[in-house]
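Report on the following structure.
Quick note: the coordinates plus some simple rules give every number you see, no bench work behind them. Everything numeric here is computed off the predicted structure, so don't read it as measured data. Here the Cβ positions follow ideal geometry from the backbone for every residue, glycine too, while neighbour counts run over all protein chains shown.
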Amino acid sequence: MKQENLRNVAIIAHVDHGKTTLVDRLLWSTHVFRANQQVEERVMDSNDQERERGITILSKNCSITYKDTKINIIDTPGHADFGGEVERVLNMADGALLIVDAYEGPKPQTRFVLSHALACGLRIVVVVNKIDRPNADPEGAIDKVFDLMVELGASDEQLDFPVVYASAVNGYARYDYNDGNMDMIPLLDTILKEIPAPDVDPDGPVALQVCTIDHSSYEGRIGVGRLHSGTMHEKEQVLVVRPDGTQRSAQVRKVYTFENLGKAEVPEAHAGDIIAVIGIEDADIGDVITDPENPVSMPPIAVEEPTMSVVFEASTSPIVGREGDIVGARQLKERLMREKEANISMRINETEDKSGVEVAGRGVLHLSVLMESMRREGFEFQVGRPQVVYKIDEAGNKLEPIEEATVDVPNDYAGKAIEVMGNAGGIMEDMASDDSVTHLTFKIPSRGTMGLKTRILNATHGEAVLFHRFREYGPYSGEMPGRKNGSMIAMSTGKAVAYALDTLQERGRLFVKPGDECYEGMIVGESAKEGDMVVNVEKTKNLGNQRSSTADKAIQLTPPITFTLEEALEYIEDDELVEVTPQSIRLRKRLLS
Ligand code: GTP
């Protein structure tokens with residue numbers, strides 16, 4: 001039965017194409033905010049870190065009400081490391097708003113999210129955003145979306161997609177990009193008209209599959225999912241079926257629905273709605289919460305496995321003149337063990353010698369988000385170089401995580417991009433080009449992706465757009481040709497160093513270690529002082545048939561250039577540690593024991 005007064009819409013886009021801004025505007029225009037309420041610009045990215053990084057990390061739900069219809073809006077993360085969440089939240093929706101920048105057109109993340117949305121059979125509404133940008137080419141963007149959909153195997157119905165033009169930042173949406181409309185109404189009307197109402201059985205047995213887990217220190221674990229059928233009541237007796245088939249009975253304590261920006265406790269929730277269930281202590285992603293008398297089975301959903309791990313240890317910095325203090329070590333462990341409860345997508349265990357805690361996540365960004373939160377909470381710790389999580393299959397073969405990488409690059413730099421990818425262990429699977437841009441697809445071991453973005457940017461004068469995500473575990477492919485895994489890019493003298501300096505200033509990327517000591521392999525003209533910025537110039541390794549050269553000077557820069565934890569993790573060497581304190585992030589040599 002169609003729930004005509006309900007819509008479930010996912011918002012999908014490439015990073016920075018304006019998802020969060022658009023959702024803010026929809027909230028504003030349906031009066032979720034009281035007129036005089038002070039609201040910061042981007043309400044969806046509630047957490048400080050997200051605001052600073054400008055990327056949406058955790059998917060969030062909110063709802064608006066328009067013309068007596070409740071519209072659940074499911075925001076999705078925009079970064080490759082969070083790809084698993086995109087897939088899961090798409091399962092809760094009946095349609096998707098695909099936001100595409102009118103100037104940039106579809107990008108690698110657009111391709112990735114769109115392919116999943118199409119495969120889930122979702123109705124797609126294309127929102128061409130940023131039509132206010134100079135040089136915006138809305139029609140060109142639509143043509144490219146159409147071509148992409150054909151390439152991705154969209155059905156005829158999906159190819160007949162409605163289009164709305166928007167300038168989220170200016171708060172308007174239009175049926176035609178120059179029709180002069182100045183509010184969001186055309187987009188709201190299009191959602192009601194084009195996104196199908198959920199078609200569910202309100203009288204069937206209760207069934208919900210947990211798609212995301214939230215955690216509150218007061219309520220404990222919160223399972224979020226779409227109510228597939230039936231009515232879920234507070235205090236309902238249910239059966240919880242794990243993806244492996246094991247079952248247990250449990251009692252739901254409370255039921256919440258998403259109302260405006262928050263959750264509202266309700267005595268009962270109805271089929272088709274997206275709800276939060278409280279009281280099932282060990283609820284996990286993929287669990288089906290159902291009627292014990294008449295259990296419903298649902299197809300299992302995928303949870304991405306951790307592919308990278310780091311070891312956290314209490315800080316033992318000689319620079320601040322302190323040997324790791326015991327209290328610090330205990331608190332660090334307790335904090336990480338608490339994270340284990342809330343964050344099921346990470347694997348967290350004490351190391352065998354109990355000196356540290358090993359944390360495995362789905363890539364460097366995933367790990368650095370946790371570290372950054374802890375840093376802000378006041379923790380001090382150090383971590384070693386992230387390690388790939390290997391597996392052994394039944395036949396005893398060593399397997400490693402393999403990713404799919406796409407590179408969009410101007411034709412002139414395609415050769416350079418292919419060379420960088422090859423040196424990182426990438427194997428080209430596809431190459432397609434138009435008048436200006438070459439689109440390359442590779443299969444690459446996760447090991448090879450460490451620091452890859454900066455290497456490819458340097459080789460292509462900042463033009464390449466790299467995107468990579470986990471694909472599968474495959475046979476270990478041995479040592480990489482020509483370079484140490486994930487080691488820092490080698491820079492030779494003269495021009496190359498000068499060029500690196502340009503990109504540093506432009507991008508503030510990590511070739512610089514604040515106040516670093518100078519050590520072997522890092523050649524400096526003058527020795528650096530504490531607080532100076534030193535470009536870490538490495539001896540060029542002998543790269544097979546390539547010329548080897550030696551850098552002869554380092555460059556000291558002021559003012560300081562900062563780098564993020566994510567960058568530090570990408571560039572750290574095996575014999576180094578990233579030392580994290582609330583005041584600073586620094587790389588230093590491991591002490592010889
Ligand atoms: P993630 O959360 O990282 O996935 O990004 P997002 O897709 O949510 O993008 P966000 O809303 O953060 O917007 C990215 C940038 O584009 C911000 O600087 C916005 O101010 C800007 N922006 C958003 N919409 C528009 C628009 O309509 N026109 C212009 N000119 N800029 C816009």
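If you build the Cα gyration tensor of the stretch 119-262 and take the root of 5 times each eigenvalue, what three semi-axes come out, in whole angstrom, biggest first? Don't skip to the answer; put the middle values down first.
Details: eigenvalues 315, 77, 43 Å².
Over the Cα atoms of the stretch 119-262, the ellipsoid semi-axes are 40, 20, 15 Å.
Could you give the dipole magnitude of the stretch 353-482 about its Cα centre, charging the beta-carbon of Lys and Arg +1 and that of Asp and Glu -1, in debye to the nearest 20? Write down the numbers at each step before the final one.
Details: 14 positive and 20 negative charges, 99 e Å.
In debye, rounded to 20, the stretch 353-482 gives about 480.
Return the tail of the calculated pair distribution for the stretch 191-232, meaning the percent of Cα-Cα pairs more than 16 Å apart. List each step's numbers first, then the result.
Numbers: 473 of 861 pairs.
In whole percent, the share of Cα-Cα pairs in the stretch 191-232 beyond 16 Å is 55.
Summing Lys, Arg as +1 and Asp, Glu as -1, what charge do residues with Cβ under 14 Å from the Cβ of D412 carry, D412 excluded? Walk me through the numbers before you get to the answer.
Working: positive: K416; negative: D408, E419, D434, D435, E463.
Result for the local shell: -4.
Give me the distance between the Cα centres of the stretch 222-290 and the stretch 372-401, rounded to whole Å.
32
What are the residues whose amide H is under 5 Å from the amide H of K263, where those residues sit 5 or more places off or on another chain and H is modelled from the backbone?
Correct list: empty.
Taking Cα pairs under 8 Å and at least six residues apart, what relative contact order does the stretch 101-244 come out at, in percent? Mind dumping the intermediate values first?
Values: 192 pairs, mean separation 25.3, N = 144.
Relative contact order of the stretch 101-244: 18 percent.
Go through K2/K70; K19/K130; K416/K443; K2/K254 and tell me which ones have a Cα-Cα distance over 21 Å in this structure. The partial results should precede the final answer.
Values: K2/K70 14 Å; K19/K130 11 Å; K416/K443 17 Å; K2/K254 26 Å.
Pairs exceeding 21 Å: K2/K254.
Taking the Cβ of each residue in K193, K144 as the centre, tally the other Cβ atoms inside 10 Å and list the residues starting with the fewest.
On the way: K193 9, K144 18.
Final ranking by Cβ density, sparse to dense: K193, K144.
Tell me, T110, T65, T257 in order of fewest to most beta-carbon neighbours within 10 Å?
Working: T110 24, T65 14, T257 21.
By the 10 Å Cβ count, ascending: T65, T257, T110.
Starting from 0.36 nm per residue, how many nanometres of slack lie between Y175 and R133 once their C-alpha separation is accounted for? Present the calculation step by step, with values, prior to reporting the outcome.
Numbers: separation 42, 0.36 × 42 = 15.12 nm, distance 1.75 nm.
Extra length available between Y175 and R133 comes to 13.4 nm.
5 Å is the cut-off here: which amide hydrogens, built 1.01 Å from N in the peptide plane, fall below it relative to T307, excluding neighbours closer than 5 in sequence?
Under 5 Å from the amide H of T307: G361, R362, G363.
Can you give the FRET efficiency for E157 and D284, using 1/(1 + (r/R0)^6), R0 = 35 Å, r = Cβ-Cβ distance, to the nearest 0.05? Could the numbers behind the result be given before it?
On the way: r = 35 Å, r/R0 = 1.00.
Result of the calculation: an efficiency of 0.50.
Between D68 and S249, what is the spin-label point distance in nm, taking each point 7 Å from the Cα along the Cα→C-beta axis?
Taking the two extended label points, one gets 4.2 nm.
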